[in-house]
Amino acid sequence: MNQPRRRILLVIAGLPAGGAERQMSLLAKGLDRSKFEVGLLIFNSAEKIHYQDVLETPLWFRALNLSRASDGLLLIPKLVRGICRTISDFKPEVIHTTLNVANHAVRFAALISRCKIPIITSVRVEYRPSYSPREKRLERLLWRRSNHVICNSETTRDQLIKDLGIPANRVTAIPNGIDEKFYKDHPKPPDPWPNRPVSLTVGRFTGQKNHVALVEAIAGLEKIGILADWNFVFLGDGPLQDAIQSSINEHALQNRIQIMPTTQSMPAVYQASDLFILPSLYEGMSNALLEAAASGCPIIVNKAADNVGVINDERGWVAEKSLKDTLETVISLPGDKRTRKAKNAAAYIKRIFSNEKMINDTAELYQTVAKPAPLN
């Protein structure tokens, strides 16, 4: 006898280019439709979705078309009404939210509407450095409304248990999944693309991602004539883009460093690069790092950006103290030495960060949480 399909509502503020958003899109596309009926709620508009292929799969979808700029003081009441109306219309058995805006908004809406539907919240960053004091206060107030919490590293899981007192049986670490397309050959580089060799950095232009420090490291090597014919691409957008460009101009590196927008052709971008640098001050688990490694790109990672040990001496280079010194070492090596470590990293990513495993582990959690159980 066939079991009825579980109705799962996925909720996120939006789906711009980003690591957590990519995980949500992979989940939305990959859940077994013979077992689950999937709904997706976003708070902004459908036109802002970067991962458009998510809408090509069988999916119940709603966009609330809200923004702080246009809705102002009415944003929160409109958001709460939109969430409650969506829950009433779709009638999910489990609600799965991702990132703080959705995590906080859905639990708040559930509290005031006395909604009893089980809620799973996903924490996609390292809790201690990434949450602001205000966000930590909200989490202390709201975590009990989460039937279960998913995080993508054991480090974050431990922090949530210790700092918030969440029972260990209500927090599960499920590593990010990497789409199979990153393991395949994509020989055509994006257009335009600088002459090789190219070093790539991918991420939002925010203070966390530490682009200015990387510009200064590149400038230091330029002064001593180490860079040879290396070019650098910063792929992304964000509030600090002008500041990063100003730093590039200040150091006269316009011919070395190019800022480019995000693209749908990320596998080709990684494979057209000869080095990937992650200079972040902190990360939960960087999707860009995993994707670059899966694509066979040699890796330099700032030590603070890889607390789960994806990169070690066998799989790349960790900048323990100085980005500049590590970059100098790596670009001075013969290409075959960089390639050897890149192959080790790609094999490790394929073994540990399986997209199929991420989806299956999450689906198993849905089945468990959907069973009626009182909240503590």
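The values are calculated or read from the model by the stated rules, or taken from the named source; none is laboratory data. Every value quoted in this text rests on a predicted model; they were computed, and no experiment measured them. Note: ideal-geometry Cβ built from the backbone for every residue, glycine included; neighbour counts use all protein chains shown. The accessibility values were calculated without ligands, DNA or RNA, using every heavy atom of the protein model including side chains. Shrake-Rupley method; radii C 1.70, N 1.55, O 1.52, S 1.80 Å.
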State yes or no: is Q23 open to solvent by 70 Å² or more (accessible area, probe 1.4 Å) and in contact (Cβ under 8 Å) with a residue 12 or more places away in the chain? no
Among residues of the stretch 243-266, those that are in contact with an Asp or Glu (Cβ under 8 Å, 6 or more places away or on another chain) and at pLDDT below 95, counted: 3
Does G284 qualify as being exposed (fewer than 14 other Cβ atoms within 10 Å of the Cβ), among the small types (G, A, S) and out of contact with any Phe, Trp or Tyr (no Cβ under 6 Å at 6 or more places or on another chain)? no
Could you check how many residues of the stretch 187-203 are among the basic types (K, R) and crowded, with 20+ Cβ neighbours inside 10 Å? 0
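With the structure loaded, tell me whether I248 is in contact with a Phe, Trp or Tyr (Cβ under 6 Å, 6 or more places away or on another chain), touching a residue at least 24 places away in the same chain (Cβ under 8 Å) and surrounded by 18 or more Cβ atoms within 10 Å (Cβ to Cβ) or whether it fails that test.
No: the conditions fail for I248.
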Out of the residues in the stretch 26-43 that are open to solvent by 20 Å² or more (accessible area, probe 1.4 Å) and under 18 Å from the mean Cα position of the chain (by Cα), which is nearest to R81 (Cα to Cα)? K29
State whether one or more residues within the stretch 132-141 are touching a residue at least 24 places away in the same chain (Cβ under 8 Å) and of a type in the set (G, A, S). no
Name the single residue that is farthest from L290 (Cα to Cα) among those in the stretch 341-371 being touching a His at 6+ places or on another chain (Cβ under 8 Å) and of a type outside the set (S, T, Y). V369
Could you list, in sequence order, the residues of the stretch 320-344 that are touching a residue at least 40 places away in the same chain (Cβ under 8 Å), of a type outside the set (V, I, T) and touching a strand residue (DSSP E or B) at 6+ places or on another chain (Cβ under 9 Å)? L323, L327, R338, K341, A342
Let me confirm something: among D306, D242, D237, which residue is under 17 Å from the mean Cα position of the chain (by Cα), charged (D, E, K, R), open to solvent by 10 Å² or more (accessible area, probe 1.4 Å) and within 22 Å of P16 (Cα to Cα)? D237
Going by what's in this entry, would N255 be described as assigned to a helix (DSSP H, G or I) and open to solvent by 20 Å² or more (accessible area, probe 1.4 Å)? no
Residues of the stretch 274-298 being polar (S, T, N, Q), in contact with a helix residue (DSSP H, G or I) (Cβ under 6 Å, 6 or more places away or on another chain) and within 22 Å of K184 (Cα to Cα), which ones? N287, S295
